[in-house]
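The values are calculated or read from the model by the stated rules, or taken from the named source; none is laboratory data. The model shown is predicted, which means the values in this text are computed figures rather than measured ones. Here the Cβ positions follow ideal geometry from the backbone for every residue, glycine too, while neighbour counts run over all protein chains shown. Protein only, heavy atoms only, side chains kept; ligands, DNA and RNA dropped before computing areas. Shrake-Rupley method; radii C 1.70, N 1.55, O 1.52, S 1.80 Å.
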Amino acid sequence: MNYNYQVVSRSIFDRGMNEIEGYKGNFRVDTGECLAVTSDKYKIIHHQEVLDTIEDNLDFGHYKRKVYSINGGRRIYAVYDFSDQRRQIQPGDDVGFRLLAKNSYDGSTGVVLGAGLLRQICSNGMVIMSDNTQITRQHSTNIDLGFLEETIKASKQDWIASVEFFKHMSTKLITPREGTEFLDSLAEKPTKVAKTHIEEIKKIWLQPTYDLDRTRSTYNLYNAVTQYLTPLSEDKFELTQRVSKQILTKLV
């Protein structure tokens, strides 16, 4: 695990060895590497502290956890999937409950927790539409990780609401041509998805892998997107999350 190390805040100095006021450096204890320069009001919250707090408050049954380490552990994403929590979008098509946590040492993000979905037949990760489903606390001196307990509870309700949202999408029928035209439009602003990605998604849309995706609906179109993006998440987790959310937003 290249993220489970200690980080400390230290003063930084200019070339004349004068202390730079208002800023601190966030340094790895083991290597001495400076991970970022942040405001002196920035409070370091260790990744393991976030994970431990979350796991102390989980009561949804058995879960699997996967941690994605970004840029040498400067940021992490922790994905929790709960095998006992399932809802049905359509007959034979279940989605599971997913929690997604985020933390950083470089000031790029606060402590974030939100809900997501996991499609069971293909293990595709699906994002939730509403921005309200993610709760963020900045790394200020008054941050309290106690907010995670209530956020975990609220996330379960957000997931249930999103299941209903995707059920509604499954009733919105479109033609293969309409789906293809929509995918082609993703190359334009504001999404600007790479054409290579679009062409691969179109292949899945036009020749579905799963029988359940042979229905031509906006839900099945989004499934083509997530089916393509999910395998990329091993190496490009941030990219896949961002693109999935952008496409879902435009699709809706």
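Results, tabulated for the structure shown:
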quantity: Residues located in the range 240-252, provided they are more than 17 Å from ALA78 (Cβ to Cβ) and either open to solvent by 50 Å² or more (accessible area, probe 1.4 Å) or charged (D, E, K, R) (or both); calculated: ARG242, LYS245, GLN246, THR249, LYS250, VAL252
quantity: Residue list for the range 64-94, restricted to those being open to solvent by 30 Å² or more (accessible area, probe 1.4 Å) and touching a Ser or Thr at 6+ places or on another chain (Cβ under 7 Å); calculated: ARG74, ARG75, GLN90
quantity: Residues located in the range 206-252, provided they are out of contact with any Lys or Arg (no Cβ under 9 Å at 6 or more places or on another chain) and of a type in the set (Phe, Trp, Tyr); calculated: TYR210, TYR222, PHE237
quantity: Hits in the range 217-249 (condition: β-branched (Val, Ile, Thr) and either under 11 Å from the mean Cα position of the chain (by Cα) or farther than 16 Å from ALA187 by Cα (or both)); calculated: THR218, THR226, THR230, THR240, VAL243
quantity: Scan of the range 97-139 for residues that are touching a residue at least 60 places away in the same chain (Cβ under 8 Å), hydroxyl-bearing (Ser, Thr, Tyr) and open to solvent by less than 40 Å² (accessible area, probe 1.4 Å), ordered by number; calculated: TYR105
quantity: Condition met for ALA224 (more than 13 Å from VAL127 (Cβ to Cβ), in a helix (DSSP H, G or I) and open to solvent by less than 70 Å² (accessible area, probe 1.4 Å)); calculated: yes
quantity: Odd one out for VAL193, checked against (1) under 30 Å from LYS24 (Cα atoms); (2) open to solvent by less than 50 Å² (accessible area, probe 1.4 Å); (3) not in a helix (DSSP H, G or I); calculated: (1)
quantity: Subset tally (residues that are assigned to a loop (DSSP other than H, G, I, E, B) and among the aliphatic types (A, V, I, L, M)) for the range 1-26; calculated: 4
quantity: Pair list, Cβ under 8 Å, 6 or more apart: the range 203-214 residue touching a residue at least 24 places away in the same chain (Cβ under 8 Å), other residue part of a loop (DSSP other than H, G, I, E, B); calculated: THR209/CYS122; TYR210/ILE121; TYR210/CYS122; LEU212/GLY92; LEU212/ILE121
quantity: Pairs where the first residue, in the range 167-182, is closer than 21 Å to ILE128 by Cα and the second is aliphatic (A, V, I, L, M) and outside any helix (DSSP H, G or I), C-beta under 7 Å, 6+ apart; calculated: LYS167/ILE89; SER170/ILE89
quantity: Residues being within 21 Å of THR109 (Cβ to Cβ) and in contact (Cβ under 8 Å) with a residue 24 or more places away in the chain - total across the range 1-32; calculated: 10
quantity: Lone unmet requirement of (1) within 21 Å of the chain's Cα centre (by Cα); (2) open to solvent by less than 30 Å² (accessible area, probe 1.4 Å); (3) of a type in the set (Val, Ile, Thr) for ILE143; calculated: (1)
quantity: Number of positions in the range 27-57 that are part of a loop (DSSP other than H, G, I, E, B) and open to solvent by 50 Å² or more (accessible area, probe 1.4 Å); calculated: 7
quantity: Residue within the range 170-181 that is assigned to a helix (DSSP H, G or I), surrounded by 16 or more Cβ atoms within 10 Å (Cβ to Cβ), of a type in the set (Gly, Ala, Ser) and touching a strand residue (DSSP E or B) at 6+ places or on another chain (Cβ under 8 Å) present; calculated: yes
quantity: Set SER155, SER185: member being open to solvent by less than 30 Å² (accessible area, probe 1.4 Å) and either more than 20 Å from ILE128 (Cβ to Cβ) or among the aliphatic types (A, V, I, L, M) (or both); calculated: SER185
